[in-house]
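Peer 1: Structure incoming, see below.
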Amino acid sequence: MSPNSIKSSQDLKKLQIPELKELASQIRKQIIDVVSSKGGHLASSLGAVELCIALHYVFDTPGDKIVFDVGHQAYAHKIITNRAKDFEGLRQLGGISGFPFHKESAYDTFSVGHASNAVSLSLGLACANRLIGDKSHVIAVIGDGSLSGGECFEALNNAGHLGENLLVIFNHNEMSISPSVGALSNYLNKIISLPIYNRFKDGVALILKKVPHLGKKVVPRIRKIEEVMKGLIVPGIFFEELGFRYFGPLDGHNLEALISALRNIKDLAGPKIVHVVTRKGKGHPLAEKDPENFHSSLPFLGKKETVPEVPELSYTDIFGIKLTRLARKNKKIIALTAAMSTGTGLCRFKKSFPERFFDVGIAEQHLVSFASGLAKRGLKPVVAVYSTFLQRAYDQLIEDVALQETGVVLAIDRAGLVGEDGPTHHGVFDISYLRNIPNFTVISPAYRKDLEAALEFSLKLRGPVAIRYPKGKALELENCQPFRYAKAEVIREGKDVAILALGSFLKEAIFILDDLRKDGIEPLLVNPRFVKPLDEELLLSIAQNFSLLFILEEGILSGGFGEAILEFYREKGLLSGINVERLGLPCEFVTFGRKEELLKKCGLDPESILEKIKKACAETKTYNRI
């Protein structure tokens with residue numbers, strides 16, 4: 001059975017169970033083939049193939065609404081909803097998104113990419129259905145990682161209270177991105193450590209050693225008994241007390257069981273939860289063995305026998321290595337993350353100083369407040385977090401860090417455009433929202449030694465500091481001027497135009513220097529380093545000596561670094577004497593695709609920047625002659 005033959009959920013319903021199983025195999029093959037060449041979320045989507053098929057088989061989508069939490073497990077969902085033919089363009093500019101995207105298909109109820117919000121969104125749909133008299137079903141698909149986020153608990157509590165017709169699929173695979181952490185996750189998994197369970201397992205192993213020829217027949221049955229034993233202990237009572245009817249656990253790869261269970265409970269009134277157990281990476285041996293590294297995989301075509309490699313000398317690597325070195329000398333340094341120990345480069349720190357490392361789960365609000373508590377007692381907490389996920393803790397940044405003036409250091413990874421993951425993951429808003437929070441120092445280092453120096457410098461400051469740096473390979477520059485508070489770094493002296501290239505854009509600016517010189521333009525090139533506070537002395541000097549200033553930043557222009565400089569010049573009454581050109585991202589959701597493609601689409605690739613500077617210089621010279 002070819003996935004291309006499935007155009008809608010109605011086509012799916014024409015198939016028998018054996019055909020559905022064959023379809024599942026073909027879908028897994030297609031996912032592996034595409035991700036191996038294009039990259040993507042492999043392990044999560046492989047683990048949810050049967051679950052996606054069963055949901056669309058039983059329910060009448062898109063009339064019935066499926067809401068995925070995070071959405072990185074939805075590749076099979078896309079393939080069986082008339083996107084198999086387009087799947088080759090996964091995460092490519094002009095192709096299909098790596099996450100459910102509401103503008104892409106009627107089957108994608110919401111555009112998603114963050115965690116713990118699916119039950120909230122679904123409860124809103126279910127409540128609206130009752131109010132408008134719609135009898136369609138609403139299904140939220142969450143994982144055990146989602147339960148580490150507070151919003152999910154808030155929504156479950158409210159859903160049980162309201163009693164709306166809502167089905168929650170609890171996909172338990174023992175992983176979020178890094179292994180799930182937290183009391184609930186421990187409770188769900190503690191069955192494997194119970195004495196009675198282990199005595200049973202050890203006894204079976206002893207029998208099989210003595211009678212090895214029985215192993216082939218007995219092992220599958222033992223595994224079934226193992227699942228039954230788990231079912232006797234799994235905390236269905238927890239969900240029952242919240243007001244849900246609990247069903248499970250079910251084998252999430254057993255299509256017959258899934259379809260039968262979903263059919264049986266489909267029309268039951270009130271909130272229901274179905275607990276399914278799946279295996280991340282199912283169908284790909286390496287992804288099963290190492291689901292964390294295959295969570296968001298780079299292309300690995302031709303290298304299928306190895307774990308996909310992360311490029312060396314990325315900003316993430318540099319941060320992790322430097323922080324670990326500093327921690328050897330300073331026992332007050334603490335590292336924290338929210339279920340992203342590998343993604344944020346903290347694996348070395350975790351291994352070296354396990355007692356000083358904290359993974360709080362998918363709970364960024366708690367992460368930030370927890371760090372402030374540590375800082376209040378004189379420790380130096382470093383919070384490693386993606387820019388897009390830090391947005392979830394905005395209130396805590398204001399109330400629990402800035403207002404308290406605690407010495408929390410935010411290591412903000414993936415600042416700027418992140419490429420194929422698209423609008424839910426681009427880190428383009430952090431400058432705007434951090435710049436407006438009192439007491440914060442905001443630093444945007446541009447190259448390897450710059451990042452290392454920024455981290456070391458920040459750990460010496462008393463108040464809160466945010467260090468933002470991009471995804472990808474770090475720029476290498478030999479000379480690094482000493483870090484001084486609120487002082488920029490002049491990379492090259494010049495006289496015709498001043499260029500302030502913030503963070504990642506320093507690389508683009510250096511790239512075009514020779515071309516500018518060929519046109520007789522000698523630019524002053526500055527690495528601003530500090531977004532807040534500004535280097536006012538330098539800005540006054542530029543206003544006195546230049547008639548043209550270009551500001552480059554990989555963030556939205558609204559409320560951004562360039563806007564801060566315009567505000568400064570306006571307050572000083574200097575705007576009439578200098579033409580300030582800001583180049584940055586529009587205040588809109590930028591699509592997905594390779595970063596180079598997105599920069600070009602936004603007019604921020606080196607060629608576009610070069611032409612804009614040359615044109616402005618020519619116009620300024622003409623104006624000056626007049």
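Peer 1: Could you figure out which of (1) surrounded by 14 or more Cβ atoms within 10 Å (Cβ to Cβ); (2) under 29 Å from the mean Cα position of the chain (by Cα) isn't true of residue 6?
Peer 2: All conditions are met except number (2).
Conditions (1) free of Cβ contacts under 8 Å to residues at least 40 places away in the same chain; (2) closer than 19 Å to residue 104 by Cα; (3) among the acidic types (Asp, Glu), marked per residue:
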site	(1), (2), (3)
6	no, yes, no
9	no, yes, no
18	yes, no, no
28	no, no, no
36	no, no, no
40	no, yes, no
44	no, no, no
56	no, yes, no
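Peer 1: Restricted to the range 440-457, and to residues that are buried (at least 22 other Cβ atoms within 10 Å of the Cβ) and small (Gly, Ala, Ser), which residue is farthest from the chain's Cα centre (by Cα)?
Peer 2: 454
Peer 1: Name the one entry in 563, 489, 536 that is touching a strand residue (DSSP E or B) at 6+ places or on another chain (Cβ under 6 Å), at pLDDT 95 or above and acidic (Asp, Glu).
Peer 2: From the options 563, 489, 536, the qualifying one is 489.
Peer 1: Could you run through the range 451-478 and say how many residues are farther than 21 Å from residue 373 by Cβ and part of a helix (DSSP H, G or I)?
Peer 2: Counting residues in the range 451-478 that are farther than 21 Å from residue 373 by Cβ and part of a helix (DSSP H, G or I) gives 7.
Peer 1: Going residue by residue through the range 494-507, is there one that turns out to be assigned by TED's automatic domain parsing to the domain that holds residue 428, surrounded by fewer than 16 Cβ atoms within 10 Å (Cβ to Cβ), in contact (Cβ under 8 Å) with a residue 12 or more places away in the chain and not hydrophobic (A, V, I, L, M, F, W, C)?
Peer 2: No - not one qualifying residue is present in the range 494-507.
Conditions (1) in contact (Cβ under 8 Å) with a residue 24 or more places away in the chain; (2) farther than 25 Å from residue 279 by Cα; (3) among the aliphatic types (A, V, I, L, M); (4) assigned by TED's automatic domain parsing to the domain that holds residue 54, marked per residue:
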position	(1), (2), (3), (4)
76	yes, no, yes, yes
81	yes, no, no, yes
88	yes, no, no, yes
105	yes, yes, no, yes
112	yes, no, yes, yes
136	yes, yes, no, yes
146	yes, no, no, yes
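Peer 1: One residue is enough: does the range 27-37 have a residue meeting the conditions in a loop (DSSP other than H, G, I, E, B) and at pLDDT 90 or above?
Peer 2: no
Peer 1: Among the residues of the range 375-400, how many are assigned to a helix (DSSP H, G or I), within 19 Å of residue 148 (Cβ to Cβ) and touching a strand residue (DSSP E or B) at 6+ places or on another chain (Cβ under 7 Å)?
Peer 2: Residues that pass the stated criteria total 2.
One line per residue, one yes/no per condition, for (1) in contact (Cβ under 8 Å) with a residue 12 or more places away in the chain; (2) assigned to a helix (DSSP H, G or I):
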position: 534; (1), (2): yes, no
position: 550; (1), (2): yes, no
position: 559; (1), (2): yes, no
position: 564; (1), (2): yes, yes
position: 582; (1), (2): yes, no
position: 590; (1), (2): yes, no
position: 600; (1), (2): no, yes
position: 603; (1), (2): yes, no
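The values are calculated or read from the model by the stated rules, or taken from the named source; none is laboratory data. Computed from a predicted model, the values in this text were never measured in an experiment. Cβ: placed from backbone, ideal geometry, glycine included. Neighbour counts: every protein chain shown.
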